[in-house]
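Read through the structure below, which is laid out as structure tokens, and then see the notes.
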Amino acid sequence: MSRANAQRRAARRGVLPGFGLTFGITTTYLTLIVLIPIAGLVLRAAGLGPLGVWQVISAPRALAAFRVSFVIAALATLANMPIGLLLAWTMVRYRFPGRRMLDALVDLPLALPTSVAGVALTALYVDDGWLGGPLAALGLKIAFTPLGIWVALLFVGLPYVVRTVQPVLMELDRRTEEAALTLGARPGQVFARVVLPPLLPALLAGAGLAFARAVGEYGSVIFIAGNRPGVSEIVPLLIVGKLEQYDYAAAAALGATMLLAALLILLALSAVQSRAVRLWMRTVAA
Amino acid sequence: MKMRTLGLAILAIGLLGSTVVRAEVTLLNVSYDPTRELYADINKAFAADWKAKTGEAITIRSSHGGSGAQARAVIDGLEADVVTLALQPDIDAIAERAHLLPTDWQSRLPNHSVPYTSTILFVVRKGNPKGIHDWGDLLKPGVQVITPNPKTSGGARWNYLAAWGYALKQPGGTPEKAKAFVRDLFSHVPILDSGARGATITFARRNQGDVLLAWEDDANLAVRELGEGKLEIVAPSMSIQAEPVVALVDQVVAKHGTAKEAAAYLQYLYSPAAQEIDAKHFLRPTDKAVMARYAGQFPTITTFTVDEVFGSWKKVQAEQFGDGGVFDQIYQPVK
């Protein structure tokens, strides 16, 4: 009886003692590292006044850049989700020579300085590059077009999807799948109703990380994009342009707007995340 | 026992060494990107010269980056004893926003604080297959021009102004015609790199475009390092005189106690020895005797200055490159 009570108390309070202390450290640290810099950014932008901020962010060139940044980041993330899931699946479920090597390769985009990635990707995808040549023959231009931005963002976003899905996939009990198969489910049904549901939250979380990273990406994109205003100019480049004119306030206004938009998207994603499984099951059943 | 003596001796030498190091003056020169090799040479030469004249050792460190970014770093607290930047407005910004030097800084050194100049030339593929000889040829159908974005690159502003000045100085040239010329020119620009080095790589390494607009020193570097036998330089009939500027940062040298050394360093930039180094790096010396000696490597071009054509940098900055300025008007998002 008393043991059960103690267990319940431990469960409520968690393993580590001192909620006050840990919470204090959490808030202080987050304030110092994240909140104060962002507050500084917002404060700089506030110097313009609401009308001034609106003028900066609603200029045709800024609107076009927002569209380029967010749409291409979203498209790259959407592409990274199934591919990332497939990669994680292959590395968790199969044993083959060179698996560890492959596993390490996935992290490479995180370790590489992004400008190096940009230069390398550009060299690869220009008209006389290894991949760009054959693709150009097919009439597909990648370097110096919005498609080039998409390729760069695929590259930087991939590890986030793979690395969030992988541990959850490792924890999945294969016996459930076997049970489903013996009960007469087709492989497609097993995947949709047994395998995917527990992976969905992790997949969405990974997608959120990949998207956040892609929206703010600068180094790799500017080399491959061609940077034509309205076509392949991203918001971070526009911000650099403002800074170059010593227009700190306008740069801050663009930065803060970007941050706000990204924050809203991430919040929406995490709200969906908790309901995703139920929603998915209902869709599959229908 | 012996070991201890040895240890003490090492300690003593170490202490001595550290006091010597502390007595040595160090200057920080905050400069722009393509001057990396130039100042490596000048710094060495100045240190030797200073040692010979005063017997004091001196170390000059240089920091390089985009001219505007370097100016912002100084405004935000990078303690530069001297600044040597690509554009007058960048040093103006340091004077006006951070008050680290007086706003009349340009009158304190010879030749408006311009120790060396440069100009904007064309780099084309070997054999000049598109037949590009002057600014007008850039507008021929099918010609692609590589130049960085003037809003993010100081160097690109010189390119833009050179084209504008050329059009304006043609018979019957008016600001409207110049604007039309530059608008047409930018419709031939398929890629806008964010900086001059990026544009050079796009042209020389990625084989994009038919002609690169570049500073004379960068053009020579590109031909030498990136495309020997594959690229050649074309001098247009007329171009702009690019004037990099240098200045002492009063507040910083007062704090460091380096006023004497920093002033001597800037004066040294005008000496024949330093002017020779400029010429070797394809920057045009302002010293007439040195320039005459190296005349062979600098093609003769009619040049005009920003002040002659546009009045002043302040005016250019606001009219051409400010938000809603001429560049924004001619480079609107393509529908």
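Brief remarks on what is shown
- For B:ALA289, the conditions (1) in a helix (DSSP H, G or I); (2) surrounded by 16 or more Cβ atoms within 10 Å (Cβ to Cβ); (3) not assigned by TED's automatic domain parsing to the domain that holds B:PRO236 are fulfilled apart from (2).
- Selection count, region B:204-225, where residues are within 14 Å of another protein chain (Cβ to nearest Cβ) and either under 24 Å from A:LEU243 (Cα atoms) or touching a residue at least 24 places away in the same chain (Cβ under 8 Å) (or both): 4
- Number of the condition not met by B:ILE201 [criteria: (1) within 14 Å of chain A (Cβ to nearest Cβ); (2) more than 23 Å from the chain's Cα centre (by Cα); (3) free of Cβ contacts under 8 Å to residues at least 60 places away in the same chain]: (2)
- Of the helices (runs of 4 or more DSSP H) entirely within region A:173-242, those holding at least 2 residues that are under 22 Å from the mean Cα position of the chain (by Cα) and either of a type outside the set (Gly, Ala, Ser) or more than 14 Å from every other protein chain (Cβ to nearest Cβ) (or both) occupy A:196-216, A:219-225.
- Scope region A:115-141; condition away from chain B (no Cβ under 14 Å) and in contact with a helix residue (DSSP H, G or I) (Cβ under 8 Å, 6 or more places away or on another chain); matching residues: A:ALA117, A:LEU135, A:LEU140
- Any hit, region B:182-191, residues being of a type in the set (Ser, Thr, Tyr) and farther than 30 Å from A:ALA123 by Cβ: no
- Taking (1) open to solvent by 10 Å² or more (accessible area, probe 1.4 Å); (2) more than 14 Å from chain A (Cβ to nearest Cβ); (3) polar (S, T, N, Q) in turn, B:ASN159 satisfies each apart from (1).
- Every residue from region B:141-155 that is surrounded by fewer than 24 Cβ atoms within 10 Å (Cβ to Cβ) and more than 18 Å from B:LEU121 (Cβ to Cβ): B:PRO141, B:GLY142
- Any hit, region B:111-124, residues being more than 12 Å from chain A (Cβ to nearest Cβ) and open to solvent by 40 Å² or more (accessible area, probe 1.4 Å): yes
- Qualifying helices (runs of 4 or more DSSP H) (wholly inside region B:21-107; at least 3 residues being open to solvent by 40 Å² or more (accessible area, probe 1.4 Å)): B:36-54
- Criterion (in contact with a Phe, Trp or Tyr (Cβ under 9 Å, 6 or more places away or on another chain), surrounded by fewer than 20 Cβ atoms within 10 Å (Cβ to Cβ) and farther than 18 Å from B:ASP193 by Cα) met by exactly one of A:LEU181, A:LEU124, A:LEU147, A:LEU196: A:LEU196
- Selection within region A:55-84 - in a helix (DSSP H, G or I), within 14 Å of chain B (Cβ to nearest Cβ) and free of Cβ contacts under 8 Å to residues at least 40 places away in the same chain: A:GLN55, A:LEU63, A:ARG67
The values are calculated or read from the model by the stated rules, or taken from the named source; none is laboratory data. What you are looking at is a predicted structure, and each value in this text was computed from that prediction instead of being measured. Note: ideal-geometry Cβ built from the backbone for every residue, glycine included; neighbour counts use all protein chains shown. These area figures cover heavy atoms from the full protein model, side chains too; ligands, DNA and RNA do not enter into them. Shrake-Rupley method; radii C 1.70, N 1.55, O 1.52, S 1.80 Å.
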